[in-house]
Ligand SMILES: *Cc1c(COP(=O)(O)O)cnc(C)c1O
(Lines give C-alpha, C1' and ligand atoms only; values in the text may rest on other atoms or scores of the structure.)
Protein backbone atom coordinates (compact mmCIF):
# COMPACT_ATOMS: atom_id res chain seq x y z
CA UNK A 1 0.00 0.00 0.00
CA UNK A 2 1.08 3.58 -0.67
CA UNK A 3 0.80 6.45 1.80
CA UNK A 4 -2.34 7.69 0.05
CA UNK A 5 -4.01 4.28 0.62
CA UNK A 6 -3.42 4.46 4.38
CA UNK A 7 -4.74 8.00 4.48
CA UNK A 8 -7.85 6.89 2.56
CA UNK A 9 -8.53 4.20 5.20
CA UNK A 10 -8.36 6.78 7.97
CA UNK A 11 -10.68 9.07 6.04
CA UNK A 12 -13.25 6.38 5.31
CA UNK A 13 -13.41 4.59 8.65
CA UNK A 14 -12.30 7.18 11.18
CA UNK A 15 -14.08 10.01 12.91
CA UNK A 16 -12.79 13.23 11.39
CA UNK A 17 -11.66 14.75 14.68
CA UNK A 18 -8.13 15.54 13.47
CA UNK A 19 -6.61 17.26 10.45
CA UNK A 20 -3.22 15.55 10.18
CA UNK A 21 -0.39 16.57 7.91
CA UNK A 22 -0.55 14.24 4.90
CA UNK A 23 2.33 11.96 5.81
CA UNK A 24 2.23 8.33 6.97
CA UNK A 25 4.77 7.07 9.49
CA UNK A 26 5.54 3.38 9.43
CA UNK A 27 8.94 3.20 11.13
CA UNK A 28 10.69 5.24 13.81
CA UNK A 29 13.97 5.27 15.70
CA UNK A 30 15.58 7.97 17.83
CA UNK A 31 14.90 11.36 16.24
CA UNK A 32 13.94 9.95 12.84
CA UNK A 33 10.82 8.46 11.29
CA UNK A 34 10.17 6.96 7.84
CA UNK A 35 7.14 6.71 5.59
CA UNK A 36 6.12 3.53 3.71
CA UNK A 37 8.20 4.64 0.70
CA UNK A 38 11.31 4.76 2.88
CA UNK A 39 11.61 8.55 2.90
CA UNK A 40 13.19 9.71 6.15
CA UNK A 41 12.16 12.69 8.31
CA UNK A 42 13.28 14.41 11.48
CA UNK A 43 10.45 14.20 14.00
CA UNK A 44 10.14 17.73 15.39
CA UNK A 45 6.84 17.14 17.16
CA UNK A 46 7.76 14.06 19.23
CA UNK A 47 4.09 13.18 19.66
CA UNK A 48 3.56 16.46 21.51
CA UNK A 49 6.55 15.72 23.78
CA UNK A 50 5.53 12.13 24.55
CA UNK A 51 8.69 10.90 22.84
CA UNK A 52 11.30 12.87 24.81
CA UNK A 53 13.46 9.73 25.12
CA UNK A 54 13.44 9.24 21.33
CA UNK A 55 11.55 6.63 19.34
CA UNK A 56 11.97 3.04 20.49
CA UNK A 57 14.71 3.71 23.01
CA UNK A 58 16.41 0.30 23.41
CA UNK A 59 16.27 0.38 27.20
CA UNK A 60 12.55 1.20 27.23
CA UNK A 61 11.74 -1.41 24.58
CA UNK A 62 13.67 -4.01 26.57
CA UNK A 63 11.66 -3.17 29.69
CA UNK A 64 8.47 -3.46 27.64
CA UNK A 65 9.35 -6.86 26.19
CA UNK A 66 10.74 -8.30 29.42
CA UNK A 67 7.60 -7.31 31.32
CA UNK A 68 5.28 -8.43 28.51
CA UNK A 69 6.75 -11.89 28.90
CA UNK A 70 5.90 -12.01 32.60
CA UNK A 71 2.72 -10.12 33.55
CA UNK A 72 0.89 -7.22 31.89
CA UNK A 73 -2.39 -6.37 33.65
CA UNK A 74 -3.78 -7.16 37.08
CA UNK A 75 -6.16 -4.26 37.85
CA UNK A 76 -5.96 -2.55 41.21
CA UNK A 77 -8.15 -5.23 42.79
CA UNK A 78 -4.83 -6.95 43.53
CA UNK A 79 -1.29 -5.74 44.14
CA UNK A 80 1.33 -6.27 41.46
CA UNK A 81 5.10 -6.45 41.88
CA UNK A 82 5.91 -3.52 39.51
CA UNK A 83 3.72 -0.59 40.55
CA UNK A 84 5.49 0.03 43.86
CA UNK A 85 8.87 0.42 42.15
CA UNK A 86 7.29 2.80 39.67
CA UNK A 87 5.70 4.97 42.37
CA UNK A 88 8.94 5.07 44.35
CA UNK A 89 10.96 5.99 41.27
CA UNK A 90 8.48 8.70 40.27
CA UNK A 91 8.44 10.17 43.79
CA UNK A 92 12.24 10.24 43.87
CA UNK A 93 12.45 11.74 40.40
CA UNK A 94 9.93 14.48 41.19
CA UNK A 95 10.67 15.06 44.88
CA UNK A 96 7.14 14.34 46.12
CA UNK A 97 5.88 11.94 48.81
CA UNK A 98 3.09 10.19 46.90
CA UNK A 99 2.03 9.39 43.33
CA UNK A 100 -1.29 8.26 41.87
CA UNK A 101 -1.03 6.53 38.48
CA UNK A 102 -3.50 6.95 35.62
CA UNK A 103 -3.13 6.58 31.85
CA UNK A 104 -3.68 9.74 29.84
CA UNK A 105 -2.79 13.35 30.55
CA UNK A 106 -6.44 14.36 30.69
CA UNK A 107 -6.99 11.79 33.44
CA UNK A 108 -4.06 13.19 35.38
CA UNK A 109 -5.67 16.63 35.19
CA UNK A 110 -9.03 15.19 36.28
CA UNK A 111 -7.29 13.52 39.19
CA UNK A 112 -5.65 16.80 40.18
CA UNK A 113 -8.99 18.61 40.03
CA UNK A 114 -10.70 15.92 42.12
CA UNK A 115 -7.90 15.99 44.70
CA UNK A 116 -8.21 19.78 44.97
CA UNK A 117 -12.01 19.75 45.28
CA UNK A 118 -11.88 17.15 48.06
CA UNK A 119 -9.00 18.91 49.81
CA UNK A 120 -11.05 22.11 49.63
CA UNK A 121 -13.86 20.53 51.62
CA UNK A 122 -11.93 18.23 53.93
CA UNK A 123 -8.90 20.38 54.74
CA UNK A 124 -9.81 23.97 53.88
CA UNK A 125 -13.44 23.75 55.01
CA UNK A 126 -15.23 24.95 51.86
CA UNK A 127 -18.82 23.71 51.56
CA UNK A 128 -19.10 20.84 49.05
CA UNK A 129 -20.45 22.20 45.78
CA UNK A 130 -18.93 25.64 46.28
CA UNK A 131 -15.31 24.79 45.35
CA UNK A 132 -13.77 27.14 42.78
CA UNK A 133 -10.67 26.51 40.71
CA UNK A 134 -8.90 29.34 38.90
CA UNK A 135 -7.50 28.53 35.43
CA UNK A 136 -5.99 30.55 32.58
CA UNK A 137 -7.16 31.80 29.19
CA UNK A 138 -5.94 29.72 26.24
CA UNK A 139 -5.17 26.74 28.45
CA UNK A 140 -5.04 23.19 27.18
CA UNK A 141 -5.69 20.49 29.77
CA UNK A 142 -7.08 17.71 27.58
CA UNK A 143 -10.40 16.65 26.11
CA UNK A 144 -12.55 15.45 29.01
CA UNK A 145 -15.65 17.41 29.92
CA UNK A 146 -13.94 19.04 32.91
CA UNK A 147 -10.88 19.93 30.82
CA UNK A 148 -12.90 21.51 28.02
CA UNK A 149 -15.05 23.31 30.58
CA UNK A 150 -11.91 25.32 31.40
CA UNK A 151 -11.17 26.03 27.74
CA UNK A 152 -11.92 29.15 25.71
CA UNK A 153 -10.99 27.52 22.40
CA UNK A 154 -14.21 27.19 20.35
CA UNK A 155 -12.85 24.08 18.59
CA UNK A 156 -12.69 22.33 21.97
CA UNK A 157 -15.95 23.59 23.41
CA UNK A 158 -18.69 24.36 20.88
CA UNK A 159 -21.91 22.37 21.42
CA UNK A 160 -20.48 20.21 24.20
CA UNK A 161 -22.56 21.83 26.94
CA UNK A 162 -23.59 21.76 29.70
CA UNK A 163 -20.11 22.52 30.96
CA UNK A 164 -18.64 21.51 34.33
CA UNK A 165 -19.10 24.45 36.73
CA UNK A 166 -16.65 25.74 39.32
CA UNK A 167 -13.96 27.18 37.05
CA UNK A 168 -12.92 30.83 36.96
CA UNK A 169 -10.77 31.81 34.00
CA UNK A 170 -8.33 34.74 34.00
CA UNK A 171 -5.71 36.01 31.52
CA UNK A 172 -2.54 33.89 31.42
CA UNK A 173 0.69 35.38 32.69
CA UNK A 174 -1.02 37.94 34.92
CA UNK A 175 -0.72 37.19 38.65
CA UNK A 176 -2.76 40.27 39.60
CA UNK A 177 -5.73 38.89 37.66
CA UNK A 178 -5.44 35.69 39.68
CA UNK A 179 -5.26 37.63 42.95
CA UNK A 180 -8.47 39.49 42.04
CA UNK A 181 -10.28 36.22 41.22
CA UNK A 182 -9.55 34.57 44.58
CA UNK A 183 -12.54 34.07 46.90
CA UNK A 184 -12.94 32.14 50.18
CA UNK A 185 -14.15 29.23 48.01
CA UNK A 186 -11.01 29.07 45.85
CA UNK A 187 -9.39 25.67 46.36
CA UNK A 188 -6.81 25.64 43.56
CA UNK A 189 -5.03 27.56 40.84
CA UNK A 190 -4.26 25.42 37.78
CA UNK A 191 -1.85 26.58 35.08
CA UNK A 192 0.61 25.19 32.55
CA UNK A 193 4.09 26.58 33.39
CA UNK A 194 4.42 27.21 29.64
CA UNK A 195 1.33 26.93 27.44
CA UNK A 196 2.22 24.33 24.83
CA UNK A 197 -0.90 24.04 22.70
CA UNK A 198 -1.48 27.80 22.84
CA UNK A 199 1.78 28.12 20.87
CA UNK A 200 4.57 27.77 23.43
CA UNK A 201 3.53 30.84 25.40
CA UNK A 202 6.17 31.58 28.06
CA UNK A 203 4.74 33.65 30.95
CA UNK A 204 6.61 36.69 32.34
CA UNK A 205 9.43 35.84 34.78
CA UNK A 206 8.15 35.55 38.34
CA UNK A 207 4.63 34.44 37.37
CA UNK A 208 4.84 30.98 38.93
CA UNK A 209 6.55 32.37 42.01
CA UNK A 210 3.71 34.84 42.49
CA UNK A 211 1.15 32.05 42.10
CA UNK A 212 3.03 30.09 44.77
CA UNK A 213 2.90 33.11 47.09
CA UNK A 214 -0.83 33.70 46.47
CA UNK A 215 -1.51 30.04 47.23
CA UNK A 216 0.47 30.15 50.47
CA UNK A 217 -1.19 33.37 51.59
CA UNK A 218 -4.74 32.21 50.85
CA UNK A 219 -4.54 28.48 51.65
CA UNK A 220 -4.98 27.42 48.03
CA UNK A 221 -3.39 24.52 46.14
CA UNK A 222 -1.08 25.29 43.22
CA UNK A 223 -1.63 22.69 40.49
CA UNK A 224 0.88 22.66 37.63
CA UNK A 225 -0.09 20.87 34.45
CA UNK A 226 3.35 19.60 33.42
CA UNK A 227 1.99 17.01 31.00
CA UNK A 228 3.81 18.68 28.08
CA UNK A 229 6.49 20.74 29.83
CA UNK A 230 7.62 18.00 32.20
CA UNK A 231 10.35 15.38 31.99
CA UNK A 232 13.26 17.56 30.86
CA UNK A 233 11.53 19.20 27.89
CA UNK A 234 12.22 22.80 28.97
CA UNK A 235 15.78 22.24 30.20
CA UNK A 236 14.88 21.23 33.74
CA UNK A 237 13.13 18.09 34.92
CA UNK A 238 10.00 20.21 35.40
CA UNK A 239 9.32 23.71 34.17
CA UNK A 240 8.36 25.07 37.62
CA UNK A 241 11.98 24.48 38.69
CA UNK A 242 13.07 27.47 36.60
CA UNK A 243 11.45 29.60 39.33
CA UNK A 244 11.64 27.27 42.31
CA UNK A 245 7.84 27.55 42.58
CA UNK A 246 7.03 24.03 43.76
CA UNK A 247 3.40 23.09 43.04
CA UNK A 248 1.23 21.20 45.53
CA UNK A 249 0.07 18.90 42.75
CA UNK A 250 1.83 18.12 39.47
CA UNK A 251 -0.13 16.57 36.60
CA UNK A 252 2.12 14.34 34.52
CA UNK A 253 1.73 12.29 31.35
CA UNK A 254 3.15 12.09 27.85
CA UNK A 255 6.91 11.34 28.22
CA UNK A 256 6.23 9.35 31.41
CA UNK A 257 5.31 6.54 29.02
CA UNK A 258 8.65 6.78 27.19
CA UNK A 259 6.96 7.05 23.80
CA UNK A 260 5.66 3.52 24.21
CA UNK A 261 2.49 3.45 26.32
CA UNK A 262 0.07 5.97 27.79
CA UNK A 263 1.19 6.49 31.39
CA UNK A 264 0.12 9.44 33.52
CA UNK A 265 0.03 10.36 37.19
CA UNK A 266 -0.31 13.09 39.71
CA UNK A 267 2.29 13.59 42.40
CA UNK A 268 1.67 15.42 45.68
CA UNK A 269 2.69 15.25 49.31
CA UNK A 270 0.72 13.17 51.78
CA UNK A 271 -1.11 16.23 53.18
CA UNK A 272 -2.94 16.44 49.84
CA UNK A 273 -2.89 12.84 48.60
CA UNK A 274 -4.50 11.62 51.82
CA UNK A 275 -7.89 12.87 50.58
CA UNK A 276 -8.12 9.77 48.40
CA UNK A 277 -9.42 6.81 50.36
CA UNK A 278 -10.44 3.33 49.12
CA UNK A 279 -13.07 3.53 46.41
CA UNK A 280 -12.94 7.30 45.92
CA UNK A 281 -10.93 7.32 42.69
CA UNK A 282 -9.39 4.79 40.35
CA UNK A 283 -8.59 3.38 36.94
CA UNK A 284 -8.59 -0.18 35.58
CA UNK A 285 -5.31 0.31 33.73
CA UNK A 286 -3.57 2.83 36.00
CA UNK A 287 -0.43 1.39 37.57
CA UNK A 288 -0.53 -1.81 35.53
CA UNK A 289 2.70 -3.84 35.53
CA UNK A 290 3.51 -3.22 31.87
CA UNK A 291 3.10 0.56 32.14
CA UNK A 292 4.95 0.58 35.44
CA UNK A 293 7.97 -1.23 34.00
CA UNK A 294 8.00 1.05 30.96
CA UNK A 295 7.71 4.21 33.07
CA UNK A 296 10.62 3.21 35.32
CA UNK A 297 12.79 2.73 32.23
CA UNK A 298 11.51 6.02 30.78
CA UNK A 299 12.57 7.87 33.95
CA UNK A 300 15.95 6.13 34.04
CA UNK A 301 16.70 7.20 30.47
CA UNK A 302 15.92 10.85 31.29
CA UNK A 303 18.27 10.61 34.26
CA UNK A 304 21.10 8.51 32.78
CA UNK A 305 21.32 10.55 29.59
CA UNK A 306 20.90 13.89 31.40
CA UNK A 307 18.28 14.94 28.91
CA UNK A 308 17.47 18.07 30.92
CA UNK A 309 21.01 19.37 30.28
CA UNK A 310 20.87 18.41 26.61
CA UNK A 311 17.54 20.23 26.21
CA UNK A 312 18.94 23.34 27.91
CA UNK A 313 22.12 23.44 25.83
CA UNK A 314 20.67 22.56 22.44
CA UNK A 315 17.57 24.68 23.06
CA UNK A 316 19.74 27.80 23.35
CA UNK A 317 21.57 26.92 20.17
CA UNK A 318 18.31 26.20 18.36
CA UNK A 319 16.74 29.57 19.24
CA UNK A 320 19.97 31.40 18.41
CA UNK A 321 20.22 29.81 14.98
CA UNK A 322 16.48 30.16 14.26
CA UNK A 323 16.66 33.86 15.07
CA UNK A 324 19.34 34.32 12.40
CA UNK A 325 17.10 33.01 9.61
CA UNK A 326 16.03 35.77 7.23
CA UNK A 327 12.27 35.63 6.74
CA UNK A 328 10.13 38.77 6.79
CA UNK A 329 7.02 36.88 7.93
CA UNK A 330 8.56 35.74 11.23
CA UNK A 331 7.51 37.86 14.21
CA UNK A 332 9.30 36.02 16.98
CA UNK A 333 11.10 32.87 18.08
CA UNK A 334 10.29 31.76 21.63
CA UNK A 335 10.51 28.87 24.01
CA UNK A 336 12.58 27.18 26.68
CA UNK A 337 14.84 24.17 26.38
CA UNK A 338 13.70 22.14 23.40
CA UNK A 339 10.09 23.38 23.53
CA UNK A 340 10.13 26.20 20.99
CA UNK A 341 7.95 27.95 18.46
CA UNK A 342 8.27 30.27 15.52
CA UNK A 343 5.47 32.81 15.39
CA UNK A 344 4.59 34.20 11.97
CA UNK A 345 2.60 37.39 11.43
CA UNK A 346 -1.14 37.30 12.20
CA UNK A 347 -3.18 35.77 9.40
CA UNK A 348 -0.20 33.87 7.97
CA UNK A 349 -1.10 30.25 7.14
CA UNK A 350 1.73 27.99 8.30
CA UNK A 351 0.13 24.81 6.89
CA UNK A 352 1.96 25.21 3.57
CA UNK A 353 5.22 25.78 5.41
CA UNK A 354 4.70 22.50 7.27
CA UNK A 355 4.09 20.78 3.91
CA UNK A 356 7.32 22.27 2.56
CA UNK A 357 9.19 21.18 5.69
CA UNK A 358 7.79 17.68 5.20
CA UNK A 359 9.00 17.62 1.60
CA UNK A 360 12.42 18.76 2.80
CA UNK A 361 12.52 15.99 5.43
CA UNK A 362 11.29 17.47 8.71
CA UNK A 363 7.92 16.97 10.42
CA UNK A 364 6.34 19.75 12.47
CA UNK A 365 2.79 20.97 12.90
CA UNK A 366 1.34 24.45 13.08
CA UNK A 367 -0.89 25.53 15.92
CA UNK A 368 -3.41 28.41 15.69
CA UNK A 369 -2.61 28.83 11.99
CA UNK A 370 0.44 31.06 12.29
CA UNK A 371 2.65 29.30 14.85
CA UNK A 372 4.94 26.30 14.26
CA UNK A 373 6.09 24.36 17.32
CA UNK A 374 9.49 22.67 17.19
CA UNK A 375 9.98 19.97 19.82
CA UNK A 376 12.40 17.23 18.75
CA UNK A 377 13.12 14.18 20.92
CA UNK A 378 15.52 15.24 23.67
CA UNK A 379 18.07 12.60 22.63
CA UNK A 380 18.90 14.73 19.59
CA UNK A 381 22.61 15.60 19.26
CA UNK A 382 24.22 18.80 17.97
CA UNK A 383 24.93 17.45 14.49
CA UNK A 384 21.34 16.26 14.05
CA UNK A 385 20.06 19.60 15.32
CA UNK A 386 22.26 21.50 12.86
CA UNK A 387 21.09 19.26 10.00
CA UNK A 388 17.48 19.94 11.00
CA UNK A 389 18.20 23.68 11.22
CA UNK A 390 19.59 23.60 7.67
CA UNK A 391 16.28 22.12 6.49
CA UNK A 392 14.25 24.72 8.37
CA UNK A 393 16.46 27.53 7.02
CA UNK A 394 16.12 26.34 3.42
CA UNK A 395 12.32 26.32 3.73
CA UNK A 396 11.92 29.56 5.69
CA UNK A 397 14.18 31.56 3.39
CA UNK A 398 11.91 30.68 0.47
CA UNK A 399 8.78 32.06 2.15
CA UNK A 400 7.69 35.10 0.18
C1 LIG B 1 -1.44 16.73 25.95
C2 LIG B 1 -1.82 17.50 27.15
C3 LIG B 1 -2.86 17.07 28.00
C4 LIG B 1 -3.73 15.89 27.69
O5 LIG B 1 -3.03 14.69 27.60
P6 LIG B 1 -3.74 13.45 26.87
O7 LIG B 1 -2.78 12.31 27.11
O8 LIG B 1 -3.89 13.80 25.43
O9 LIG B 1 -5.05 13.24 27.53
C10 LIG B 1 -3.09 17.82 29.14
N11 LIG B 1 -2.38 18.91 29.42
C12 LIG B 1 -1.38 19.35 28.64
C13 LIG B 1 -0.61 20.57 29.02
C14 LIG B 1 -1.08 18.67 27.46
O15 LIG B 1 -0.11 19.13 26.65
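The values are calculated or read from the model by the stated rules, or taken from the named source; none is laboratory data. If you're wondering where the values come from, they're calculated on a predicted model, not measured in any experiment. Backbone-built Cβ (ideal geometry, glycine too); neighbour counts: all protein chains shown.
Answer yes or no: is there a residue in the range 358-373 that is under 30 Å from residue 87 (Cβ atoms) and touching a helix residue (DSSP H, G or I) at 6+ places or on another chain (Cβ under 6 Å). Within the range 358-373 (the criterion being under 30 Å from residue 87 (Cβ atoms) and touching a helix residue (DSSP H, G or I) at 6+ places or on another chain (Cβ under 6 Å)), the answer is no, since none of the residues qualifies. Within the range 244-258, the set of residues being more than 13 Å from the ligand (Cβ to nearest atom) and farther than 21 Å from residue 214 by Cα comprises 258 only. Determine, yes or no, whether residue 261 is surrounded by fewer than 24 Cβ atoms within 10 Å (Cβ to Cβ), within 16 Å of the ligand (Cβ to nearest atom) and under 19 Å from the mean Cα position of the chain (by Cα). It is true that residue 261 is surrounded by fewer than 24 Cβ atoms within 10 Å (Cβ to Cβ), within 16 Å of the ligand (Cβ to nearest atom) and under 19 Å from the mean Cα position of the chain (by Cα).
Of the numbered criteria (1) out of contact with any strand residue (DSSP E or B) (no Cβ under 8 Å at 6 or more places or on another chain); (2) at positive phi, the one residue 287 fails is (1). Consider residue 140 carefully, then state whether it is part of a loop (DSSP other than H, G, I, E, B), touching a strand residue (DSSP E or B) at 6+ places or on another chain (Cβ under 9 Å), over 22 Å from residue 298 (Cα atoms) and not assigned by TED's automatic domain parsing to the domain that holds residue 24. Answer is yes for this residue.
Whether any residue in the range 152-159 is farther than 24 Å from residue 183 by Cβ, part of a loop (DSSP other than H, G, I, E, B) and away from the ligand (no atom under 16 Å from the Cβ) is what I want to check. Yes - at least one qualifying residue is present in the range 152-159.
Would a scan of the range 185-207 turn up a residue that is part of a loop (DSSP other than H, G, I, E, B) and over 28 Å from residue 378 (Cβ atoms)? Yes: one or more hits.
Give me a count of the residues in the range 37-54 that are within 13 Å of the ligand (Cβ to nearest atom) and closer than 15 Å to residue 27 by Cα. Can you show your working first?
Of all residues in the range 37-54, those within 13 Å of the ligand (Cβ to nearest atom) come to 45-52.
Add one more test, that the residue is closer than 15 Å to residue 27 by Cα, and what stays is 46-47, 51.
Selection size over the range 37-54: 3.
In the list 236, 274, which residue meets the criterion of being surrounded by fewer than 24 Cβ atoms within 10 Å (Cβ to Cβ), more than 10 Å from the ligand (Cβ to nearest atom), free of Cβ contacts under 8 Å to residues at least 24 places away in the same chain and not assigned by TED's automatic domain parsing to the domain that holds residue 377? Show your work before the answer.
Values: 236 fails: free of Cβ contacts under 8 Å to residues at least 24 places away in the same chain.
Exactly one residue qualifies, and that residue is 274.
Filtering the range 212-229 to residues that are away from the ligand (no atom under 12 Å from the Cβ), over 14 Å from residue 242 (Cα atoms) and not in a loop (DSSP other than H, G, I, E, B) leaves 213, 214, 215, 216, 217, 218, 221, 222. When the range 120-141 is filtered for residues that are surrounded by fewer than 24 Cβ atoms within 10 Å (Cβ to Cβ) and either more than 23 Å from residue 180 (Cα to Cα) or away from the ligand (no atom under 16 Å from the Cβ) (or both), the ones remaining, listed by number, are 121, 122, 123, 124, 125, 126, 127, 128, 129, 130, 131, 132.
Determine whether residue 80 is assigned to a loop (DSSP other than H, G, I, E, B) and closer than 30 Å to residue 211 by Cβ.
Working: assigned to a loop (DSSP other than H, G, I, E, B): yes; closer than 30 Å to residue 211 by Cβ: no.
Criteria not met by residue 80.
Can you pull out the residues in the range 261-272 that are out of contact with any helix residue (DSSP H, G or I) (no Cβ under 7 Å at 6 or more places or on another chain) and closer than 30 Å to residue 57 by Cβ? The one that is out of contact with any helix residue (DSSP H, G or I) (no Cβ under 7 Å at 6 or more places or on another chain) and closer than 30 Å to residue 57 by Cβ: 262.
Limited to the range 1-22, what total is found for residues that are closer than 17 Å to residue 358 by Cα and in a loop (DSSP other than H, G, I, E, B)? Even if it seems obvious, please write down each step before you answer.
Here is the first cut: in the range 1-22, the ones closer than 17 Å to residue 358 by Cα are 2-4, 7, 19-22.
Filter once more, so that each one left must be in a loop (DSSP other than H, G, I, E, B): 2, 19-22.
Qualifying residue count, the range 1-22: 5.
Looking only at residues in the range 181-202 that are over 30 Å from residue 338 (Cα atoms) and in contact with a helix residue (DSSP H, G or I) (Cβ under 6 Å, 6 or more places away or on another chain), the one that is surrounded by the fewest Cβ atoms within 10 Å (Cβ to Cβ) is 182. Listed conditions (1) crowded, with 22+ Cβ neighbours inside 10 Å; (2) over 27 Å from residue 237 (Cβ atoms); (3) under 23 Å from the mean Cα position of the chain (by Cα) are all met by residue 336, apart from (2).
Among the residues making up the range 1-24, those that are touching a residue at least 24 places away in the same chain (Cβ under 8 Å), surrounded by 14 or more Cβ atoms within 10 Å (Cβ to Cβ) and either on the phi > 0 side of the Ramachandran plot or out of contact with any helix residue (DSSP H, G or I) (no Cβ under 9 Å at 6 or more places or on another chain) (or both) are 3, 6.
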